[in-house]
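Colleague: Pasting a structure below so you can have a look.
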Amino acid sequence: MTPEQREEIARILQNGDELSPEWARILFPPEKREYELVYYGKEREEDILANTMAVPLQPVRTFGKNGRNGKNQWQNMLIFGDNLQVMKSLVEMKKAGEVCNADGTEGVRLVYIDPPFGTGDEYSITDDVKAYSAKLQGSRFIEFLRKRLIMLRDLLSQDGSMYIRIDYHFGHYIKGIADEVFGPQNFQNEIVINRFKRQLRGLRGYNVGTDSLFVYGRSPRFTFNEQLRKRLCSFCGQEKDPEWHHMVSPGLRNPPERIILGRKLLPPRKSHWKFRQSRIDALEQTDHIRINWDVSYTDLDGNRIKGLPEFLQTEDTPVDTNWTDIKGYVLSTRYPTENPEELLERVVSAGSNPGDIVLDSFAGSGTTCAVAEKLGRRWIGMIVASWRFIQCRSECLIFEKESATKDQDSRLSHLHCITQDSTISQSSRNYRGRRGASSRYNFFSAEMSNTKWAACNWMGI
């Protein structure tokens with residue numbers, strides 16, 4: 001603290017005035033880091049955790065049979081209200097052992113969020129029905145998201161992970177605060193995904209074609225399941241057939257020789273065979289190795305060898321950080337910026353296992369919840385705008401009805417739906433009466449009225 005700051009504090013107190021919150025970081029400085037993002041209005045993490053009030057989650061409505069009769073019973077949660085307060089409540093529930101995965105571990109295994117991007121825009125369904133607002137900008141937006149990242153970190157299990165979707169407006173700032181919250185050592189990947197494609201001409205810059213997914217683990221032992229996809233061309237991105245490639249890599253390895261199709265072969269000079277003997281034997285069993293007799297080489301002993309071993313590529317490859325092979329947004333829906341199911345399926349499959357809890361605190365149209373249900377995960381969705389709450393419920397209804405039509409084991413296991421007051425009921429009636437409203441998002445439409453909800457609770461805070 002500088003002498004000038006001490007004098008200013010003394011002057012304020014002598015005048016009988018209260019110190020503003022900005023003085024907290026000076027009087028009680030946070031732990032020093034190698035680097036951190038400093039901005040106006042940034043609160044200490046300790047103050048955020050202490051000052052955020054938990055709210056009770058009150059049941060409002062039950063769909064199907066409420067199965068929460070024992071410690072291992074679970075109720076999926078669809079929550080309407082301030083997600084920061086709700087997350088504080090869930091943190092308390094986690095401490096009490098009430099937020100558990102199917103294997104008994106406490107906490108959420110996977111968090112996926114697609115928050116507003118701080119663009120200053122508002123997104124609507126129709127002229128008089130808002131979807132969500134991104135008007136919060138600048139340091140207020142950064143602090144808004146930082147508070148929620150802190151709560152989400154504390155909600156994660158020790159082997160949990162988090163995926164944050166963000167665009168170019170604030171992505172570099174969000175990466176900085178996420179490093180502070182989770183620790184830079186727990187940053188895993190930046191994944192590139194598609195966004196709406198615009199081909200505007202006459203710009204003094206490039207059209208923006210991608211968003212980012214930042215992936216963080218709660219700890220180095222976070223849950224990760226390798227995902228595979230069809231082999232893609234490295235240049236055009238289109239699917240391609242496997243090709244034959246030579247089995248040589250640069251550098252020396254010991255022992256150098258391999259038994260390949262019954263021949264003991266040394267690799268070419270300054271090289272080694274790409275695979276271990278066990279892998280070569282396995283490839284021979286599936287006819288994925290051959291000798292290309294049109295190629296000759298000089299081996300490590302200087303002998304001229306006719307015929308170079310080749311292997312056939314696999315039909316699929318591990319998914320890397322380039323996800324532009326799938327859609328980034330759904331274009332055929334009324335809800336703006338809706339994430340496609342194939343994107344969420346990849347995230348949920350990679351970051352969780354059946355029976356794990358998946359959480360989306362900006363649930364929007366409810367796609368994360370619907371995908372988690374389809375993949376056999378437990379889930380928690382949080383909605384701020386009442387219209388989105390109605391739509392999210394409809395999304396789950398559609399899944400339930402489609403599954404029942406296919407004679408599948410259709411169930412929406414134990415769901416809490418949480419609201420603050422009766423505004424949802426009124427909003428539901430109002431929205432039902434809007435001209436041109438799609439039944440896809442109309443919870444009370446005739447098409448939906450007989451759809452079965454299994455073990456679902458609608459709750460209030």
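Colleague: Can you sort His172, His288, His272 by solvent-accessible area, 1.4 Å probe, largest first? Write out the running numbers ahead of the final one.
Modeller: On the way: His172 110, His288 55, His272 25 Å².
Sorted descending by solvent-accessible area, the residues read His172, His288, His272.
Colleague: Let me ask something else about it. Could you compute how fast the range 214-365 diffuses translationally, taking Rh as the Kirkwood radius over C-alpha pairs and applying Stokes-Einstein at 4 °C with viscosity 1.567 mPa s? Give it in µm² per second.
Modeller: Roughly 67 µm²/s, to the nearest whole number.
Colleague: Still on this structure, I have one more. As a test question: what accessible area, to the nearest 10 Å², does Leu13 have when a 1.4 Å probe is rolled over all protein chains in place?
Modeller: Leu13 has an accessible surface of roughly 100 Å² with all protein chains in place.
Colleague: A further question follows. Residues with amide H under 5 Å of Val248's amide H, sequence separation 5 or more or different chain, H placed in the peptide plane at 1.01 Å from N; which?
Modeller: So Val248 has HN proximity to Lys274.
Colleague: Using a basic spin-label model with each label point 7 Å from the Cα along Cα→Cβ, how many nm lie between Val208 and Gln58?
Modeller: My value for the distance between the label points is 4.1 nm.
Colleague: Quick one: which residues, 5 or more positions from Gly307 or on another chain, have an amide H under 5 Å from its amide H? H modelled 1.01 Å from N in the peptide plane, none for Pro or chain starts.
Modeller: Sorted by chain and number, the residues that satisfy this are Val295, Ser296, Tyr297.
Colleague: While we're looking at this one, here's another question. Return the loop-located trypsin sites (Lys or Arg not before Pro) in the range 232-317 (DSSP other than H, G, I, E, B) with at most 12 other Cβ atoms within 10 Å of their own Cβ; answer none if there are none.
Modeller: Working: sites: Lys240, Arg253, Arg258, Arg263, Lys264, Arg269, Lys270, Lys274, Arg276, Arg279, Arg290, Arg304, Lys306; in loops: Lys240, Arg253, Arg269, Lys270, Lys274, Arg276.
The qualifying sites are Arg253, Arg269, Lys270, Arg276.
Colleague: Run the 1.4 Å probe and let me know the accessible area of Phe224, rounded to the nearest 10 Å².
Modeller: Approximately 120 Å² of Phe224 is accessible to the 1.4 Å probe.
Colleague: Further question: Using the Karplus curve 6.51 cos²θ - 1.76 cosθ + 1.60 with θ = phi - 60°, what ³J(HN,Hα) values do you get for each residue of the range 363-374, in whole Hz, with x for Gly and Pro?
Modeller: Values, residue by residue: 6, x, 7, x, 5, 4, 5, 5, 5, 4, 5, 4 Hz.
Colleague: Taking amide H positions as placed in the peptide plane 1.01 Å from N, state which residues far from Leu78 in sequence (5 or more) or on other chains have amide H under 5 Å from it.
Modeller: Those qualifying (amide H under 5 Å, at least 5 residues apart or on another chain) are Gly381, His416, Cys417, Ile418.
Colleague: Of Lys274/Lys374; Lys197/Lys230; Lys42/Lys327; Lys230/Lys306; Lys42/Lys95; Lys230/Lys374, which ones are farther than 29 Å apart at the Cα? Please report the intermediate quantities before stating the final value.
Modeller: On the way: Lys274/Lys374 40 Å; Lys197/Lys230 23 Å; Lys42/Lys327 36 Å; Lys230/Lys306 34 Å; Lys42/Lys95 27 Å; Lys230/Lys374 23 Å.
Beyond 29 Å between Cα atoms: Lys274/Lys374; Lys42/Lys327; Lys230/Lys306.
Colleague: For the range 200-207, what does the Karplus curve 6.51 cos²θ - 1.76 cosθ + 1.60, with θ = phi - 60°, yield as ³J(HN,Hα) per residue in whole Hz, taken in order and with x for Gly and Pro?
Modeller: Taking θ as phi minus 60°, the curve returns 6, 9, x, 7, 9, x, 8, 5 Hz for the range 200-207.
Colleague: Run the simple label-point estimate for Leu49 and Arg201 please: 7 Å along Cα→C-beta, distance reported in nm.
Modeller: 5.7
Colleague: Which value in nm describes the separation of the simple spin-label points at Asn15 and Asn189, placed 7 Å from the Cα toward the beta carbon?
Modeller: In this crude spin-label approximation the distance works out to 5.5 nm.
Colleague: Now for a different question. Could you work out the relative contact order of the range 139-275, using alpha carbon pairs under 8 angstrom and six or more residues apart, expressed as a whole percent?
Modeller: Numbers: 166 pairs, mean separation 30.6, N = 137.
Relative contact order here is 22 percent.
Colleague: If you keep only loop residues by DSSP, which GluC sites (Glu not before Pro) in the range 161-229 have at most 12 other Cβ atoms within 10 Å of their Cβ? Intermediate values should be presented prior to the final figure.
Modeller: Details: sites: Glu180, Glu190, Glu226; in loops: Glu226.
Loop-located and lightly packed - Glu226.
Colleague: Same structure again: Per 0.36 nm of contour for each residue apart, how much would the distance between Met1 and Leu27 grow if the chain were fully extended, relative to their Cα-Cα spacing? Mind showing how you got there, number by number?
Modeller: Values: separation 26, 0.36 × 26 = 9.36 nm, distance 0.78 nm.
Contour length minus the Cα-Cα distance gives 8.6 nm.
Colleague: What FRET efficiency do you get for Val248 and His169 if R0 is 30 Å and r is their Cβ-Cβ distance, rounded to the nearest 0.05?
Modeller: Working: r = 47 Å, r/R0 = 1.55.
Working from the Cβ atoms, E equals 0.05.
The values are calculated or read from the model by the stated rules, or taken from the named source; none is laboratory data. The structure presented is a predicted model; accordingly, all values stated were derived computationally and were not measured. Cβ sites come from the backbone with ideal geometry, for glycine too, and all protein chains shown count toward neighbours. Just the protein is used for accessible areas: all its heavy atoms, side chains included, with ligands, DNA and RNA removed. Shrake-Rupley method; radii C 1.70, N 1.55, O 1.52, S 1.80 Å.
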